[in-house]
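Everything below concerns the one structure shown next.
Computed from the coordinates by the stated procedures, all read-outs in this text should not be read as laboratory data. Please read all numbers here as calculations on a predicted model, not as lab measurements. Here the Cβ positions follow ideal geometry from the backbone for every residue, glycine too, while neighbour counts run over all protein chains shown.
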Amino acid sequence: MHTLDLRDQQYVHVHPEHVKQRVQDLTTAGAFHARIGTSRSGAWPLYGLQLGSTRKPAIVLTANNHAEEVVGTLSILKLFELLLGDARFSELLDRFQFIAAPQMNPDGVVNNWPWIHDPSPKRYLQYKWRDHRNEDVEHGIAVSGVDFVRPEPKALVSWYSMFADCPLPFYCTLHSCSADTGAFFLSGNEDLGDLVQVFEIIAENAQAFGLPLKGYDMRKYKNYRRLQRGVYSVPRHGEMKRTYQASDSGARTFLLNSLEWMLQRGVHSAFVSEVPMIIPVAYTEEEVAGVTALACMEPLVQKLEDHIARCSGRLTYLNGEGNSFVADAHRLAWYTEKHNAFSKSAARQLKLFLECFAGAPALRIHQTQHDVQDAYSRFLEAAMILNVAGQSMPGINQLQGQLDSAYVEMDAVAGLANRMTPLDMHMRYQLLMILAGATART
């Protein structure tokens, strides 16, 4: 894995047209592909890939369920290329077949193109586009088999159901996260079971990759439960629905996620990879010597309360003056739902935050987050308005100036120095997750 050359990979290779060509190239080289559906817009085909004997146990892989989480598409396509052309990997085909849906949200990729074609932390934060919570592809599998959220999860179910008769030792859905202290993984199982060795392998490689595993215990916060360093249990859809009940629409169509569905189909182990898109260099998980989280709670609670107040202010803008200058109605609706949901669930978020860290050692990451919160909020506020407003909006140059100055300030505080996670590092983590998971099943 360390010697694997991934320097030829680029973000722009996730464009649906490029994915189409790579799927065709893989088919020419010996893989099987099927057009398993069409994106919600009708503009892009959805592809399924299969490689190896259909009589063998299946390693199953999905990527790009979330619009802005695009790296997994490259990881799956690269893995299939390696299986077909690299002797170090092709021997896996003696034991397994590989089944994949490499790009489940091509509409989302196109909507994220303003940062994908020129990636930087600033552009990513400004232009990142995500579907409404009640249109989530990952969490959109119908509980009863009908009333899917949208066509993409229905296509995923149809494709993977074709292989229901073969053993299913391992499933992984490849995700990313915005910015964090390190990479982490979510388990669909209640415990790691016999996959403890998988995460020992990953931990051994983390230092060589240059990105640590996330270690702090989130406990009830966001419904995650820490299993070991860098690994958390993923909430069931019922838990997630309860979390978002405070939102008018966020819980209405929050259905099965792909891990739950695959586990119901008989998959032995199911995992999510979560690798940060942005590495905030100054964030660490070192304990602040002699200071408990309880003693540090006041500024952290104030941070959340400030964020709640800003959400309410943005919501007032979006529901009022902002509508006069809207150029992107869908994005306006996304922002409105986001801030509406947070404002309504703010008390519960604050309670869970306090429960998570009370009595535990404080983490420097939280103090750093507090230090940059004001600049970060001003940056997001300007970015939000610029992203939904037309060019004729009054004061647009002033907003652009606010965005630029807030980002410079945020980047300078505590030597934060945001940088995009190198693409090859991101892919190495995802490929290691897959390969370690597969070899553990031999």
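Per-peptide packing, taken as the mean over residues of other Cβ atoms within 10 Å, places 130-137, 30-37, 426-433 in the sequence 426-433, 130-137, 30-37 from highest down. Computed from label points 7 Å out along Cα-Cβ, the spacing between Ser392 and Ala333 is 2.3 nm.
Using the Cβ of Arg55 as centre and a radius below 13 Å, the other residues enclosed give a net charge of 0, where K and R count +1 and D and E count -1. Note on the stretch 136-205: dipole from Cβ charges, positive end direction compared against Pro153, Phe185, Tyr171; the farthest Cα belongs to Pro153.
Among Val14, Val196, a tally of other beta-carbon atoms within 10 Å of each Cβ gives an order, fewest to most, of Val196, Val14.
Under a 5 Å amide H cut-off, with hydrogens placed 1.01 Å from N, Leu227 pairs with Tyr232, Ser233 among residues at least 5 apart or on other chains. PRE reach from Arg95 (point 7 Å along Cα→Cβ): which of the stretch 8-52 fall under 19 Å by backbone N? Under 19 Å, as judged by backbone N against the label point of Arg95, lie 51-52 of the stretch 8-52. Potential lengthening of the chain between Asp424 and Val408 amounts to 3.1 nm, from the contour at 0.36 nm per residue minus the alpha-carbon distance.
Close amide H pairs (under 5 Å, H built 1.01 Å from N) link Ser269 with Phe170, Tyr171, residues at least 5 positions away or on another chain.
Rank by packing, highest mean first: peptides 372-384, 202-214, 61-73, with packing defined as the count of other Cβ atoms within 10 Å averaged across residues. Intermediate results must be reported in sequence, preceding the final value.
Numbers: 372-384: 20.1, 202-214: 16.8, 61-73: 25.9.
Listed from highest to lowest mean packing, they are 61-73, 372-384, 202-214.
For the pair Val146 and Ala347, label points projected 7 Å from Cα toward Cβ lie 3.8 nm apart.
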